[in-house]
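Accompanying notes for the structure given below.
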Amino acid sequence: MSEQFANSSEVIQDLMRSYQSACVLAAGAELDVFSVLGEKGGTVEQVAGGTGSDIRGMRILLDALAALGLLEKQGEIYRVPGDLAELLTESSRGNILPAIRHQANCLRRWSELARVVQTGQPVERMPSVRGKQADLAAFIGAMHNFSEPMADALVRQAGSEQFRCVLDIGGASGTWTKAFLRAFPEMQAVIFDLPEVIPMAEKRMAAEGLAERIRLVGGDYNVDELPEGADLAWLSAIAHQNSREQNHELYRKIHKALNDDGVLVIRDVVLDESRTTPRGGALFAVNMLVGTEGGNSYTLKEYQEDLAEAGFAEVTQLQQDEFMNSLVRAVKNK
């Protein structure tokens, strides 16, 4: 028997029950009860009114959040603990609510995993109680939450002073572009993403004082050609969303867009040949199964084969990570 589960059926049952706490936190974030309460706190009736919720339902949710230590309860008053307010309230610049809300959307899809495995079809996307546009904003915000803590350190492994312009493909609100421009003061950047995402990047880059060094281009890499003129292409957390066939076409477009001797750096999961390590990468493949038509986690060999077919050479791995921060580098063949 696996040592992880030895001698205890309770360990397996606890693993199965782990969804319960996640669902309670997800509901609290989606209904924004933490922001409504703040550190001053409030009653069930006040939170239910502020979130448009049923009083009985809200009472049970708030008590469960308090049981998990995510709220404090004194008499009939609930409060957000001071050390959690920075993470869980909208007014805090460092809040991680987008990441929690994005994971809530993932959780709903994961609950249909058995059906997806049987049918081979991803779960139909249904908006959360916050609506489709809010879900998009949560996804973009989640990518920022996940990426910002390590962005400055990681871009120095991917780029150097030799590059004059970086093309950030699927650059979202500009988290990685901002890190490149901070690291390399002479560098210019192009952010390419869907038209509905571009305003988010424009707002963040203006707030960072970087707007004059950035060109924003709206488009869909599945349909449109990429902007030309960059000598470094940055593809962060994009490859896993695609099938290998889709990636090959995307790599071809990147090859065409890059200057001669240009470099592509991919930040993503890289699995070993067994496809079971790292654990986070193997589980992330499930996320792609339930959420995309053909996405997956890929091995270094698969990256090398697909990049070579698209015209790249010298495909090497710069860094191995337990999850999403592995780096693969390739050079454009003339």
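Every read-out reported here was derived from the displayed coordinates using simple, explicitly stated rules and does not represent laboratory data. Every value quoted in this text rests on a predicted model; they were computed, and no experiment measured them. With ideal geometry, Cβ positions are generated from the backbone for all residues, glycine too; neighbour counts draw on all protein chains shown.
The table for this structure:
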quantity	calculated
Projected area averaged over orientations for region 1-78, convex hull of C-alpha atoms, nm²	6.3 nm²
Inter-centroid distance (Cα atoms) of region 248-306 relative to region 92-140, Å	22 Å
Rounded D (µm²/s) - region 133-332, Kirkwood Rh over Cα pairs, Stokes-Einstein at 25 °C, 0.890 mPa s	146 µm²/s
Förster-model FRET efficiency, 22 Å R0, ALA114 and GLU273, C-beta, rounded to 0.05	0.20
Cross-link table LYS301/LYS332; LYS132/LYS253; LYS40/LYS132; LYS253/LYS334, entries beyond 24 Å C-alpha to C-alpha	LYS132/LYS253; LYS40/LYS132
Sparse-neighbour loop sites [GluC sites (Glu not before Pro); region 125-207; at most 12 other C-beta within 10 Å; DSSP]	GLU161, GLU186, GLU196
Loop trypsin sites (Lys or Arg not before Pro), region 99-172 (other Cβ atoms within 10 Å of the site Cβ: 11 or fewer; DSSP)	ARG125
Neighbour-count order for TRP110, TRP176, fewest beta carbons within 10 angstrom listed first	TRP110, TRP176
Helical contribution to [θ] at 222 nm, DSSP H n ≥ 4, -39,500 (n - 2.57), averaged over the chain, rounded to 500	-14500 deg cm²/dmol
Added length on full extension, which subtracts the Cα-Cα distance from 0.36 nm per residue, ASN222 to ALA153	21.8 nm
Under the span-like rule (Cα at least 20 Å along the axis, Kyte-Doolittle mean at least 1.6), DSSP H helices of the chain	none
DSSP bridge orientation in the chain - percent antiparallel, rounded to nearest 5	40 percent
In region 13-58, trypsin sites (Lys or Arg not before Pro) in a DSSP loop with at most 11 other beta-carbon atoms within 10 Å	LYS40
Aspartates and glutamates with Cα under 20 Å of LYS73, excluding same-chain neighbours fewer than 8 positions away	ASP32, GLU39, GLU45, ASP54, ASP63, ASP83, GLU86
